[in-house]
1. Given +1 on the Cβ of Lys and Arg, -1 on the Cβ of Asp and Glu, and no further charges, what dipole in debye does region 180-300 carry about its Cα centre, rounded to the nearest 20?
2. Quick one: if the Förster radius is 41 Å, what FRET efficiency do D167 and D300 give, using the C-beta to C-beta distance and rounding to 0.05?
3. Between H86 and D233, what length comes free when the chain is fully extended (0.36 nm per residue of separation minus the Cα-Cα distance, one decimal in nm)?
4. Quick one: which of 193-201, 297-305 comes out on top by average Cβ neighbours within 10 Å, and what's the full order, highest first?
5. What ranking do D61, D34 get, fewest neighbouring Cβ atoms within 10 angstrom at the top?
6. So how do 119-125, 202-208, 78-84, 145-151 stack up, highest first, on mean other-Cβ count within 10 Å?
7. Compute, for region 68-111, the length of the dipole vector about the Cα centre, with Cβ point charges of +1 (Lys, Arg) and -1 (Asp, Glu) only. Units Debye, rounded to 20.
8. For the pair T41 and L199, what calculated FRET efficiency results from E = 1/(1 + (r/R0)^6), where r is the Cβ-Cβ distance and R0 = 45 Å, to the nearest 0.05?
Amino acid sequence: MRWPNEPVLVRTPATSANLGPGFDSLGLALSLYDDVEVAVTGDGLSIEVDGEGAEVADRGDRHLIVRVLRRTFGVLDELAEAGPGHALGQPKGIRLRCQNRIPHSRGLGSSSAAIVAGIVAARALHPFGELLDDEAALRLATDIEGHPDNVAPCLAGGLTIAWTTPDGPKLVRLESQVKRVMAFVPEQRLATERARGLLPETVPHGDAAANAGRAALLIAALTGGLGDAVLLDATEDRLHQDYRAPAMPGSAELVAGLRAAGVPAVISGAGPTVLAFTTASQVDSMDSEVGNGWHEHPLDVASRGARVVAGGAQVRP
């Protein structure tokens, strides 16, 4: 067995986690994609980044995708040695080319997309890549990312519910009847670590109970096509958005304005992007609520998660 000569091209979708009340559990794949091409070469490390994250192209072995590639190659070597084959060791050289469209540090799952791209690319390149099944890929991605809410929809597409068990993370994929959303992306960034640092250790029992009910209603609304009126109630949150508002006052103000106008709007992930379950034509009539300073992206719910577009030892659908 040896490394393939051809590069592999992986496409990963943006994701929005939480969706209001589904804190650390609900996620949605969106039709904004990063394309990552990886090739095994004879020597050295080459990284080219076009678009978002171009400023970190010189990180070398510290680049997130490179770290994920090497870790996944190591896991696959261990699986091969324990099963049908033998370890190949780390490749002598890697060429990485990224076309990044997912905004960084905006709550649209850019780090999850990078992690999943590295895992999927390594699985496609390694001769024993099939030994890392989807459940193991989710476990590895969650271990690297820290929690499964974004990596789950990035891997599976559609609407996902993710949770953790003593045996590791699990996911269920559902079909969303809501097909289009609007993402309002601000210029400023917000690190997920900072946003998480604003959350209290405990919350009132009544708020936790309210969120549990709203999360259940949200799943019914998204999968059953119950309409905007139900979605507005279903996207109410009491666990994280208000606590994080001081770090993104503009986003909090936009969510409040849209909701007052009857639009189901939430903070996307840790923010500061705002996600609204509405259409571009509806947004055009709400200039007073939206205001300036936002990049508006009409997006579809992506039915497919990360996938190999071309190349590699195994081309997956």
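1. 300 debye
2. 0.75
3. The H86-D233 span can extend by a further 47.4 nm.
4. Working: 193-201: 12.1, 297-305: 18.3.
Output ranking for 193-201, 297-305: 297-305, 193-201.
5. With the sparsest Cβ surroundings first, the list reads D61, D34.
6. With the highest mean Cβ count within 10 Å placed first, the list reads 119-125, 145-151, 78-84, 202-208.
7. With Lys and Arg at +1 and Asp and Glu at -1, about 460 debye.
8. 0.55
Since every read-out is calculated from the coordinates, none of them should be taken as a lab result. No experiment lies behind these values; they were computed from the predicted model shown. Heads up, the Cβs are rebuilt from the backbone with ideal geometry, glycines too, and the neighbour counts pull from every protein chain shown.
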